Amino acid sequence: MSVVRSFTTTSMLVGGILALSLGGCSQSQSRELVDAAPGGGYPARLALAELAPADDAAPLQPDGASWARNGDEVTFGVAGQPELLSLACTHDAAGAASLALARHTRAEAGAKALLALIGNGRIARLPLDVVTPGEAGEWRGSIPAADGRLDVLRGGNRIEGTLPGGGTLLMPASGEPGRLLEECRASDRAAAGTV
């Protein structure tokens, strides 16, 4: 008798779970938007591809962007156009080395954000502040060269960088960012104790 009750309870439990999971499914998996017809007629389906993109859509990365070394700076961008991202080694009065980052994209006055970098088996979130607002804005931040988060630049693999509202950069594999970081760390007089 208890075996029958146990089987019945289990069957009801499994049936309930199936009913709940199927209830969340929809019949249409298409990328369409249903728009109510004027005058109460049948709704019309509009393909999302026909809809205009929102004005606040994140900027797209231009084609042909690549890494380039310019003296003590490494930049990512399209030749002949303003860079999209730049990295430079800087030093304070005590000789402590930092990596200065600049992201050139849409920026709102006074905004602060985290630049998310994914690459080389690591994820880093680096703080940036707006220094020049506008569509051709500029975000800047400075991270101590010894900070382990910067290891995302080491390894020579592809790096993806996303700034909220500023779009995503898909940066191809290059050894330049890692080389700059190593040089910057080697030049850190404060870390070496030789001030």
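No lab work stands behind these numbers, since they all come straight from the coordinates. What you are looking at is a predicted structure, and each value in this text was computed from that prediction instead of being measured. Counting neighbours? That spans all protein chains shown, and the Cβs are built from the backbone with ideal geometry, glycine included.
Roughly what would the spin-label model give for Ala94 and Ala68, points 7 Å off Cα along C-beta, in nm?
Here the modelled spin labels are 3.7 nm apart.
With θ set to phi - 60°, apply the Karplus curve 6.51 cos²θ - 1.76 cosθ + 1.60 along the stretch 113-128 and write out the HN-Hα couplings as whole Hz, x wherever there is a Gly or Pro.
These are the phi-based 3J(HN,Hα) values: 7, 9, 7, 8, 10, 10, x, 6, x, 9, 10, 9, 10, 10, x, 10 Hz.
How compact is the stretch 66-192 by the rule of thumb for globular proteins, expressed as Cα Rg over 2.2 N^0.38 Å?
1.00
Whole-Hz ³J(HN,Hα) for each residue in the stretch 142-154, computed from phi via Karplus 6.51 cos²θ - 1.76 cosθ + 1.60 with θ = phi - 60°, x for glycine and proline: what do you get?
9, 10, x, 4, 6, 4, x, 4, 6, 4, 4, 7, 8
Taking amide hydrogens as modeled 1.01 Å from N in the peptide plane, which residues meet the under 5 Å criterion relative to Val78, leaving out close sequence neighbours?
Distant-sequence amide H within range of Val78: Ser66, Leu84.
Using every alpha carbon pair in the stretch 73-127, what percent of pairs falls into each 5 Å bin from 0 up to the bin containing the largest distance?
The distribution over the stretch 73-127 is 4, 14, 18, 24, 21, 14, 4, 0, given as percents.
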